[in-house]
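*Asks:* Sharing a structure below in structure tokens format, with a few things to ask.
FYI, it's all coordinate maths here, none of it is from the lab. None of these values were measured; they are calculated from a predicted model. Methodologically, a virtual Cβ is constructed for each residue, glycine included, from the backbone with ideal geometry; neighbour enumeration extends over all protein chains shown.
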Amino acid sequence: MKLITKLTAICAVLLLLAAAVLSGIMLWQVKEQSYESLTQRSSEKLGELVNSFRETLSFDFASIESSNSRKTLYRYHFRNCGVEGSVLAVNGELLSSPTQIDPRNYLDVPLEGGIHTTRCSADGNDYLVQGQAFEWRQTVFQIYLVSDASYIHAQLSDLLARFALMALCVCVIGLLCVQWLIRRTLAPLSQMQKTTERIAGGNYGERVQVSSKDEVGLLAENFNRMATAVENHVQSLTEQNARQQLFIGSVTHEFKTPLTSLLLDVDTLRNVYLPEEKQQELLESMDDQLHWLEQMVQKLLKLLSLGKSAQIKPAPVSELLEQVQQMTKGTMKKYGTVLETVCRADTLPMDRDILCSALVNLVENSAKASAPGQTIFLRAIGNTLEVADNGRGIPEKDLERVTEPFYMCDPSRSKVNGGFGLGLALVKEIAAVHSAVLEIQSTPGEGTTVRLRFPEYGNQTVISQ
């Protein structure tokens, strides 16, 4: 059963119960008011009847010795009072009773207490019985007034039919209004249901339109945020999968050429007779290719295990720069360049060995891109590490892709320099491990500046070197 059907059914039951309770309360109130009005009128009639009958008793009944004669006279004077539904009892004996019921069976009237009242039913009719008693010359007179109250219940039956019709109309109109309100309130839920079906079908860009600020509207907003998070996560996974596929393809491509060359060289040594000099040259070529493969495997392993092996802790920046300078002396000599360091920072949270590897990669890249005699700058200023050169620079079209594994701006030149296209990819991963931002600025023909911008850490102390 749908939620809207359940809520409509519950509201229908509640409306019917409310209508029934209200109708019952109104009918009870009408009944009580009717009985109250009848009681007031009957009390007035009974009071007048008692006064009139007592006036008739002012005659001297003492001369009448016969008991039956006195009873006849009492009955005569009582009937002369002419009140319909009145009943007279003298010393407990019923003398005049023109009504269908004996009121003494329903109401006991003592001498004290004035007028007494009760309600009763007999033979399918309803009655209001009132009585009052008084004593005169050692004789107890009980006067009753029986009023027919059946008309009240007839009116109540008629009102009940009217109330039932009104309640039915109110319930129908109320249900229509409630159903409209429920549909309007639950509209975001229906939209969410349809949206979830479309999202489950792969359309992750679907969103729910929020039209209210109540709990349902807040639920719709949270659903949209969840859908956005899911979409971003799926997109991230898709991009990650694409990068992994590209990475695997690039690794396969990079391994294919040297492995094929090695297989050919081994086959040549096995099946072709070569002079000793040629054999030595072939072995040296195979050794170079194996070293090249070993270096690439080491870089790949480092790239894949960076996040697991990093141990971040505060370390002096000056020692880091000194270590980089020592490790790049051979590169500077090879390419005829000069490395100049500037340290204006105290400490940074780092894994010094890993961060040193990143800076060494950047310095080597700058050396390869610079002409002999040019200077490469390694600076530490505040929370930023920077490597800058005045070399060839990077074309604008390649700036966004230089951190991708195996991407080379100039593949032929990189092969000559022994590059793999993994240096900047390593630097990017190392920056991520240190929660640093990698920034690359380059102008072709003017040079390149690469910065590692760390989060703010403590109070930096300026150190000149």
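*Asks:* If packing is taken as the average number of other Cβ atoms within 10 Å across a peptide's residues, how do 280-287, 318-325 rank, most packed first?
*Replies:* Top to bottom by mean Cβ count within 10 Å: 318-325, 280-287.
*Asks:* Mind listing the long-range amide H neighbours of residue 136? Cut-off is under 5 Å, sequence gap 5 or more, other chains count too, H placed in the peptide plane at 1.01 Å from N.
*Replies:* Answer set, sorted by chain and number: 141.
*Asks:* Ranking request for peptides 124-131, 34-41: highest mean number of other beta-carbon atoms within 10 Å first, then the rest in descending order.
*Replies:* Sorting 124-131, 34-41 by mean packing, highest first, produces 124-131, 34-41.
*Asks:* Where the centroid of each part is defined by its Cα atoms, how far is the stretch 320-377 from the stretch 97-140 in Å?
*Replies:* What the calculation gives is 122 Å, centre to centre.
*Asks:* To continue, here is another question. Let a ≥ b ≥ c be the square roots of the eigenvalues of the Cα gyration tensor of the stretch 89-164; is it rounded (a/c under 1.5), or, if not, prolate (a/b larger than b/c) or oblate? Display every interim value, and only then the final one.
*Replies:* Details: a/c = 4.16, a/b = 2.57, b/c = 1.62.
Prolate, since a/c reaches 1.5 and a/b exceeds b/c.
*Asks:* Follow-up. Would you mind ranking 177, 171 so that the residue whose beta carbon has the fewest other beta carbons within 10 Å leads the list? Walk me through the intermediate numbers first.
*Replies:* On the way: 177 11, 171 19.
Final ranking by Cβ density, sparse to dense: 177, 171.
*Asks:* Grab the beta carbon distance between residue 397 and residue 375, set R0 = 22 Å, and tell me the FRET efficiency rounded to 0.05.
*Replies:* FRET efficiency, residue 397 to residue 375: 0.20.
*Asks:* What GluC sites (Glu not before Pro) does the stretch 85-143 have in DSSP loop regions with at most 15 other beta carbons within 10 Å?
*Replies:* Hits after loop and neighbour filter: 112.
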